[in-house]
Amino acid sequence: MWKEIGDREMGKIRPNSFSSWIKSNRISNLQLSNNKDIVSPHRGSINSLQVDLTEGRYLLSGASDASAAVYDVQRATNYEGNGLIAKHKCLFSVDKQHGKGHKYAISSAIWYPVDTGLFVTGSYDHYIKVWDTNTTQVVMNFKMPGKVYRTAMSPLATSHMLIAAGTEDVQVRLCDIASGAFAHTLSGHRDGVMTVEWSTSSEWVLITGGCDGAIRFWDIRRAGCFLVLDQSQSQLGRRPPVLARSAANKVSVSKSLSAGQNSLGKPRAPQKKYANGHGMKQLTIGRMPAKSSARQRLHPGMLSIQDRATAHYGAVTGLKVTDDGMYLLSAGSDSRIKLWDLESGYNTLVNFEMVRLQTSKAIQLAISQETAQVFVPCMTVVKAFDIWSGKMSLAFRGHYESVNCCWFSSQDQELYTGGNDRQILVWSPCEPMTDDTDTAHTKDQDNWSD
């Protein structure tokens, strides 16, 4: 540790590299926290967890007893055990006793991405409710055609305030907070939509996973989906870095330019002129070239072979896009985890170790970009896998029943998990042991005389 700090002071290590090293070291030492305890008021299984995206301070949870709660994870409510254990009780909760609360299980609870003044809950009672955090009152209701499995809002959006909702209906609906009405209805799935996820590189791209095993990509500015992932189309390994690809492109461009310069000395064949006075044949207006028309007919949003492609041999239960927006991780009821290259739409064939996943409900994945790890709820255990190799690096055992959701806080390098045992557990980096130099220094301080 002190060696790295010294190298950082001397400029041998770049600031970003030093920060990544510290974070990676903390994440590799995650364990069940002994000094931080979240007191859950829920009387049912925890189905959703999210820390706000603005301050990284307030944890929102939704449970199957139709209740939602908010906790302050940075300021404890009280301390126990001679001040060693920090208890974090909920700041407030809304449940069935609330006049306009949900009647059945809350399957999804998310923060409004801009600030903590609003949060959104989706429930099996067919309603999506928008809540005012300060007054704990419902400010907007959206009636859905069936049970709500998952809701999502884009963290990048500056031009819209849309809530994407996946329900047991085959259509994906976009609820507009600004107007209080449905803005879009996206049709394409052949069964219920269990999970939805916005792209982290574009505010207009939505990704949905259905019970039909399909993962579809939608540009909400146009009709129809523009990509359907096919598990039979694959490519080996990770895409080369951007710098390497740009260097290769520069080499190819320079070669083509040199070839073009060599061809300048050769005489050119006379170009035939047509009726329009140019050396190019004029295309008939309204007619498209054969290639583009064929490509248009094969658009995945239309009836084609690509439209029936599947990503899993069962329902898609979880989706998570990497922070750079280049890869997608998916989990299915076939107990498979897959990594997809979003530029090509291919399965990268990363062999994730054997897992056992829930099949009856959606699960919430989490990603640590610093260490390139994905946290997956696997029944009673949460497992951390390396994204590029698929090898399991960590296993978190602490829940007595199945784990439904997890959320990783990159600000504090902490992992929050919730399960059917009604508990919210905190996994934090273990405190480093004191070095011999530190103990010797304290002894010297004690032995000082006036």
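Compute the length gained on full extension between S389 and K100: take 0.36 nm times their separation in residues and subtract their Cα-Cα distance, giving the result in nm to one decimal.
Working: separation 289, 0.36 × 289 = 104.04 nm, distance 4.75 nm.
That works out to 99.3 nm of additional length.
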*Using θ = phi - 60° and the Karplus curve 6.51 cos²θ - 1.76 cosθ + 1.60, what whole-Hz ³J(HN,Hα) does each residue of the range 310-319 get, with Gly and Pro shown as x?*
10, 9, 9, 8, x, 5, 8, 9, x, 9
*Over what distance in Å are the Cα centres of the range 44-104 and the range 352-394 separated?*
24 Å
*asked:* Only sites in a loop by DSSP and with at most 10 other Cβ atoms within 10 Å count here; which trypsin sites (Lys or Arg not before Pro) in the range 26-120 make the cut?
replied: R75
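Within the range 190-231, report the trypsin sites (Lys or Arg not before Pro) that DSSP leaves as loop and that have at most 10 other Cβ atoms within 10 Å. Don't skip to the answer; put the middle values down first.
Working: sites: R190, R216, R221, R222; in loops: R190, R221, R222.
Filter output for the range 190-231: R221, R222.
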*With a 1.4 Å probe and every protein chain left in place, work out the accessible area per residue of the range 7-80 in Å², rounded to a whole number.*
50 Å²
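If the only charges are +1 at each Lys and Arg Cβ and -1 at each Asp and Glu Cβ, what is the size of the charge dipole of the range 1-130 around the Cα centre, to the nearest 20 debye? If you can, show how the numbers build up before the last one.
Values: 16 positive and 12 negative charges, 24 e Å.
Charge dipole of the range 1-130: 120 debye, to the nearest 20.
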*Near-label residues of the range 109-133 by backbone N, under 20 Å of a point 7 Å along Cα→Cβ of E55*: 109-121, 131-133
*What residues of the range 171-189 lie in the reach of a label at D115, counting those whose backbone N is under 19 Å from a point 7 Å from the Cα along Cα→Cβ?*
177-179
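The values are calculated or read from the model by the stated rules, or taken from the named source; none is laboratory data. This one's a predicted model, so the numbers in the text were calculated from it and none came from an experiment. Every residue, glycine among them, receives a Cβ derived from its backbone with ideal geometry; neighbour counts consider all protein chains shown. Calculation scope for accessible area: heavy atoms of the full protein, side chains included, ligands and nucleic acids excluded. Shrake-Rupley method; radii C 1.70, N 1.55, O 1.52, S 1.80 Å.
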